[in-house]
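Just below is one structure, and these are the notes that go with it.
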Amino acid sequence: MENFGEEFESKTGNFLKDPLSLHDLIETGCNFEISTNFDEDAAHKIFDELNLGSDEEDDDDNRRSSDELRDLVSPWLQPFAELKENMLQINPYLWKKVTRVGKESEPVVPFRNARVSLRYNAYWEGQGAPFDSSFLRGSSLTFYTGLGEVLEGLEAAVCTMHSGEQSQFVISYHLLFREMGCPPRIKPKADALFIIELLSYNLVGDIDADLQISPEDKTKFPVVIGKVKDIHLKGLDFFRQGLYRNASRAFEKAAEMLKFCRLANEEEEEEQKNFLIKLFTNLAVCYIKVNLPSRTCIVCKEIRQLTNNKPSCKALFQEGRALLMLGEYKRARELLVKAQYMEPHNNDIGNELKILDTRYSRYKENERSIWTKAMGIIKSKDDDQDTLKKEDNLNELEEEMLKLLQNFKDDESQNKLCFPAGFTSKEVDIIDNLAKRLELKLSLDPLHNGRYSVNKKKV
């Protein structure tokens with residue numbers, strides 16, 4: 001690569017001062033300047049921070065493939081016709097040479113419904129400096145296949161690659177800027193050399209896959225299951241992007257479609273059950289992410305029914321987290337301990353148990369404080385029946401409760417605050433009014449022997 005660099009410097013002596021964007025070039029055109037003082041060392045400092053290649057690859061292969069992209073200088077300055085002689089012709093407009101093999105055990109990138117992440121350099125014929133480069137921009141390129149988001153030739157090239165692969169492509173002008181080009185920036189009939197590293201790709205499915213089912217097929221399991229899997233994949237894609245509510249809606253939609261299918265045999269029944277467990281487990285995770293623990297408990301109940309009350313460790317963990325968020329500390333501990341028994345080395349479970357212990361200690365401290373104040377006020381009322389004194393006691397209760405409820409509201413780790421028994425109807429009214437003032441909700445909790453609890457209202 002150093003020889004290529006020296007040859008390039010002697011022939012041209014310059015680089016682009018700023019990189020060109022293909023998108024801007026196509027849509028609006030670009031102005032560019034040539035820098036005659038290109039600092040090659042500075043470029044290396046930038047790209048040394050990128051992890052190019054895999055730890056499992058041979059070091060020499062990694063060094064070669066990384067240099068080919070990082071040096072930015074085109075590895076081929078001769079006519080493309082000579083380069084094509086050592087390449088595989090994919091179609092009349094695309095030639096390919098693999099420089100680093102990817103995961104050939106996995107399929108190549110599909111033409112539709114895949115989210116692709118890659119790095120690339122692109123060169124015109126006979127020119128050493130790239131006219132476009134994701135490396136110069138300091139970031140990878142991500143796009144969805146089948147939507148026309150990038151040049152036709154670039155997408156066609158990527159759809160021949162395996163994850164982790166690095167290849168060189170000569171792409172005809174037919175798949176780039178056509179016969180006219182974009183003079184003076186792009187010559188007519190301009191072919192290009194692309195060096196591409198496919199970092200990864202994920203199938204993303206189709207959230208509207210159900211619209212492709214005819215009315216008469218909406219309950220036929222062999223037809224529905226394929227569309228359910230497409231919607232599930234879209235939900236996973238939403239989740240990877242942090243769009244948890246969108247992911248929830250996708251999983252809900254898939255589960256609803258699957259639940260009402262007509263099943264022809266035991267094999268279909270087993271496949272339906274297993275996929276519903278997967279969907280409900282994913283929903284449990286999503287509901288935790290969007291702070292809807294009660295919904296997590298509902299889908300975990302569905303999982304219990306489908307598994308004959310033998311949920312997976314993951315389902316137990318999510319249900320335990322949900323109960324912890326709801327303030328059901330005893331039940332949460334039971335489930336988390338059971339999950340830890342199933343996976344004793346799972347650090348997430350151990351950390352959640354530590355969080356539970358901290359919150360439960362805080363809860364018991366608050367409960368003791370309430371009891372102390374309440375019993376002190378009740379005793380004071382028994383000792384003195386004076387009306388003014390009773391009013392003072394109620395004022396004291398109101399003051400203490402306001403502090404307690406405000407602290408509860410400000411504590412993002414708590415969603416439920418349980419009160420001890422023993423309050424009069426007037427004292428309950430005071431607590432209720434204070435809760436409403438702070439946009440909280442007081443309710444009678446049948447799970448705690450009819451004791452009152454305060455919950456945060458859903459946003």
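The values are calculated or read from the model by the stated rules, or taken from the named source; none is laboratory data. Being a predicted model, the structure only gives us computed values, none of them experimental. Don't worry about glycine lacking a Cβ; one is built from the backbone with ideal geometry, like all the others, and counts go over all protein chains shown. These area figures cover heavy atoms from the full protein model, side chains too; ligands, DNA and RNA do not enter into them. Shrake-Rupley method; radii C 1.70, N 1.55, O 1.52, S 1.80 Å.
So for the stretch 180-285, what are the equivalent ellipsoid semi-axes in whole Å, largest first, each being the square root of 5 times an eigenvalue of the Cα gyration tensor? Provide the component values of the computation, followed by the final result.
Details: eigenvalues 314, 63, 33 Å².
One finds semi-axes of 40, 18, 13 Å for the stretch 180-285.
After finding the eigenvalues of the alpha carbon gyration tensor for the stretch 211-367, what semi-axes result from the square roots of 5 times each, listed largest first in whole Å? Before the final figure, lay out the partial values.
Values: eigenvalues 223, 55, 31 Å².
Values for the stretch 211-367, descending: 33, 17, 12 Å.
What Kirkwood Rh does the stretch 70-208 have if only Cα atoms enter the pairwise 1/r average? Answer in Å.
Averaging 1/r across every pair of different Cα atoms and inverting gives 15.4 Å.
Considering only Cα-Cα distances, which of the following residue pairs are longer than 31 Å: LYS253/LYS409; LYS354/LYS403; LYS259/LYS330; LYS229/LYS354; LYS227/LYS310?
Violating the 31 Å limit, Cα to Cα: LYS253/LYS409; LYS259/LYS330; LYS229/LYS354.
Where in the stretch 121-192 are there GluC sites (Glu not before Pro) that are in a DSSP coil and have at most 11 other Cβ atoms within 10 angstrom of their Cβ?
In loop regions of the stretch 121-192 (DSSP not H, G, I, E or B), the sparsely surrounded GluC sites (Glu not before Pro) are GLU179.
By how many nm would the segment from ASN274 to LYS409 grow when fully extended, if each residue of separation counts as 0.36 nm and the alpha-carbon distance is taken off?
44.6 nm
Which value, in Å² rounded to 10, gives the accessible area of ARG185 with a 1.4 Å probe and all protein chains present?
80
How would the stretch 287-346 be classified by its alpha-carbon gyration tensor: rounded, prolate or oblate, with rounded meaning a/c under 1.5 and the a/b versus b/c comparison settling the rest?
Cα axes put the stretch 287-346 in the oblate bin.
Relative contact order of the stretch 70-208: what whole-number percent is it, with Cα pairs under 8 angstrom and at least 6 residues apart? It would help to have the intermediate numbers written out before the result.
On the way: 292 pairs, mean separation 43.6, N = 139.
Here the relative contact order equals 31 percent.
In nm, give the distance between the simple-model label positions of SER443 and GLN241, each being 7 Å from the Cα along the Cα-to-Cβ direction.
Inter-label distance under the simple model: 3.4 nm.
Taking only protein heavy atoms and a 1.4 Å probe, what accessible area per residue, in Å², does the stretch 212-269 have with all protein chains in place?
56
Nothing charged except the Cβ atoms of Lys and Arg (+1) and of Asp and Glu (-1): what's the magnitude of the dipole of the stretch 70-208 about its Cα centre? Round to the nearest 20 debye.
Dipole size: approximately 260 debye.
Counting only protein heavy atoms, what percent of the accessible surface of the stretch 187-261 is carbon or sulfur at a 1.4 Å probe?
Using a 1.4 Å probe with all protein chains present, the stretch 187-261 comes out at 55 percent carbon and sulfur.
Between ASN433 and ASN351, what's the calculated FRET efficiency when r is the beta-carbon distance and R0 is 41 Å? Round to 0.05.
According to the calculation, E is roughly 0.60.
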